[in-house]
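Student: Could you have a look at this structure, given as structure tokens, before my questions?
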Amino acid sequence: MALYANGTFTTTKSSTELAFIGGILIATGSAIIPSTATGWLENPYNGGPKTAISIHGDVEGVREDDGIDEVALLVSFFTYLAFVGSVLPGKLVPGVALPDGTRLHYRCNGLLSLILLVALLGTGVWMEFVSPTVISDRGLELLSTTFIFSFLVTLVLYLAGCKSHAQSSSLKPHVTGNIIDDWWFGIQLNPHLMGIDLKFFFVRAGMMGWLLINLSVLAKCFQDPDLSRSMILYQLFCVLYILDYFFYEEYMTSTWDIIAERLGFMLVFGDLVWIPFTFSIQAWWLLGNKVELTKAAAIANCFVFIIGYLVFRGANKQKHDFKKNPKVLIWGRPPKVIGGKLLASGYWGIARHSNYLGDLLVALSFSLPCGISSPVPYFYPLYLLILLIWRERRDESRCAEKYREVWAEYCKLVPWRILPYIY
Ligand code: NDP
């Protein structure tokens, strides 16, 4: 999909085909990789028998196979998010201007919602109302329930989108007539339900879900007194990354997914299934595999995380600040600007997508604690490498189309796409 200078959206055939093939690969991968990991782990997504009281109070070790527990967990989670998202205070952030000149507004209270959720769950665990391993005991069931939910919800979105006569940019239906294409990419840009922006809601759910899975896997580790250095590092990096995400949640409002992708299966599945269940593969893997990480390796690992984080956050912040105020100081100096529109100093003067480089380093740092004995924990950085190279190409053609000679001048000044002197 491309957003042209006149502000209209259009889908180019090649990018659609690419996105479609990519999506199929992603969907297939998500089914294969976790189950491959599953085969390599002793207690993979299910993590063995139940260890304590579930929210239904089942008898220890007895598993109901009707899926009701997983459905109840998901419904409770979504209900909680919908409720606190609407009532908790948070900065009201205007989204980017849509082609019809309107803007959506996002209440950025994700951090508060997350802290409250963890506090409530912590209290529930302390009162023995809920088991800390309630998620890690039923990983595979939760994965399939969430997958089915994503499938069903996008069917509803598809049908509602087809029926809609809305004319606003955020809701205007975009129907190609190809059912699979329309269901996969979605019909509407920003559908909402009872005042909740679903796109923003699902990505929030995915990021929080990832943390909850990690914490639940960590709880399982506490049953083993020998908590490994690898697990501590992985958990620490992820907590920092996820907290950072919610701390800077408003930056999300200007990302590609929010401003340019319609809400279809690709995005819903990506948010609800892909993020929580594949980004946590390392944690599941570490449950069944011991890694002896030396002190030196651990320190080097921390460096990779810190450098990656500084580049990732620094680059995104510089662009965000520049968009708000084109005269903002970049690294203490007035910004170098091309054509009055593009930032060409700071991280954006080193490579045209140094934010992707930072994200890749962070992703690598999540996997390094697992050592190099298996490729399974490296699934996330490898996937991200492919995704971001592809994304950078799509963004590049979008910007070339939108900024024309200004973009060409920028490319001359900053020839590197992601990694200086290499790519
Ligand atoms: P970017 O934040 O890089 O945004 C690209 C847009 O920024 C361009 O389309 C253009 O938009 C604007 N832009 C590009 N260059 C310049 C410049 N020099 N000066 C000013 N504006 C510029 O892209 P994404 O939304 O793809 O990524 C956001 C973050 O999310 C990244 O850090 C990425 O790594 C991360 N991410 C993580 C994923 C994961 O699975 N972990 C998946 C995808 C992204 P405009 O038309 O507004 O000028």
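The values are calculated or read from the model by the stated rules, or taken from the named source; none is laboratory data. Not measured: the values here are computed from a predicted model. Every residue, glycine among them, receives a Cβ derived from its backbone with ideal geometry; neighbour counts consider all protein chains shown. The protein model used for the area step is the full one, side chains on, heavy atoms only, and it has no ligands, DNA or RNA in it. Shrake-Rupley method; radii C 1.70, N 1.55, O 1.52, S 1.80 Å.
Student: Out of region 181-219, which residues are outside any loop (DSSP other than H, G, I, E, B) and at pLDDT below 90?
Tutor: none
Student: Given the residues Ile338, Ile350, Ile330, which is the only one that is of a type in the set (A, V, I, L, M) and open to solvent by 70 Å² or more (accessible area, probe 1.4 Å)?
Tutor: Criteria check complete, one pass: Ile350.
To keep it simple, each residue is scored yes or no on (1) crowded, with 16+ Cβ neighbours inside 10 Å; (2) more than 13 Å from the ligand (Cβ to nearest atom); (3) over 30 Å from Val96 (Cα atoms).
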site: Leu218; (1), (2), (3): yes, yes, yes
site: Gln223; (1), (2), (3): no, yes, yes
site: Met231; (1), (2), (3): yes, yes, yes
site: Val239; (1), (2), (3): no, yes, no
site: Tyr251; (1), (2), (3): yes, no, no
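Results for (1) near the ligand (Cβ under 8 Å from one of its atoms); (2) at pLDDT 90 or above; (3) part of a helix (DSSP H, G or I); (4) open to solvent by less than 40 Å² (accessible area, probe 1.4 Å), shown as yes or no for each residue.
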{"position": "Leu361", "(1), (2), (3), (4)": "no, yes, yes, no"}
{"position": "Phe366", "(1), (2), (3), (4)": "no, yes, yes, yes"}
{"position": "Pro377", "(1), (2), (3), (4)": "no, yes, yes, yes"}
{"position": "Leu385", "(1), (2), (3), (4)": "no, yes, yes, no"}
{"position": "Ile389", "(1), (2), (3), (4)": "no, yes, yes, no"}
{"position": "Arg394", "(1), (2), (3), (4)": "no, no, yes, yes"}
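Student: Residues that are without any contact (Cβ under 8 Å) to a residue 40 or more places away in the chain and either more than 16 Å from the ligand (Cβ to nearest atom) or in contact with an Asp or Glu (Cβ under 8 Å, 6 or more places away or on another chain) (or both): find the helices (runs of 4 or more DSSP H) completely inside region 264-324 holding 2 or more of those.
Tutor: Because the criterion is at least 2 residues that are without any contact (Cβ under 8 Å) to a residue 40 or more places away in the chain and either more than 16 Å from the ligand (Cβ to nearest atom) or in contact with an Asp or Glu (Cβ under 8 Å, 6 or more places away or on another chain) (or both), the helices (runs of 4 or more DSSP H) in region 264-324 that meet it are 295-324.
Student: May I pose another question? Need the failing condition index for Ile148 against (1) open to solvent by less than 60 Å² (accessible area, probe 1.4 Å); (2) closer than 27 Å to Gly177 by Cβ; (3) assigned to a helix (DSSP H, G or I), just the number.
Tutor: (1)
Student: A further question on this structure: Any idea which of (1) within 17 Å of the chain's Cα centre (by Cα); (2) modelled with pLDDT under 95 is the one Gln223 doesn't satisfy?
Tutor: Only one criterion is unmet by Gln223, namely (1).
Student: Do you know which residues across region 199-225 are closer than 14 Å to Pro132 by Cα and aromatic (Phe, Trp, Tyr)?
Tutor: Phe222
Student: Which of the numbered conditions does Thr102 fail, given that it passes all the others? Conditions: (1) at pLDDT 90 or above; (2) outside any helix (DSSP H, G or I); (3) within 30 Å of Ile259 (Cα to Cα).
Tutor: Among (1) at pLDDT 90 or above; (2) outside any helix (DSSP H, G or I); (3) within 30 Å of Ile259 (Cα to Cα), the lone unmet condition for Thr102 is (1).
Student: To continue, here is another question. Checking Ser345 against (1) polar (S, T, N, Q); (2) within 11 Å of the ligand (Cβ to nearest atom); (3) open to solvent by 30 Å² or more (accessible area, probe 1.4 Å), only one condition comes out false. Which one?
Tutor: In the conditions (1) polar (S, T, N, Q); (2) within 11 Å of the ligand (Cβ to nearest atom); (3) open to solvent by 30 Å² or more (accessible area, probe 1.4 Å), Ser345 misses (3) alone.
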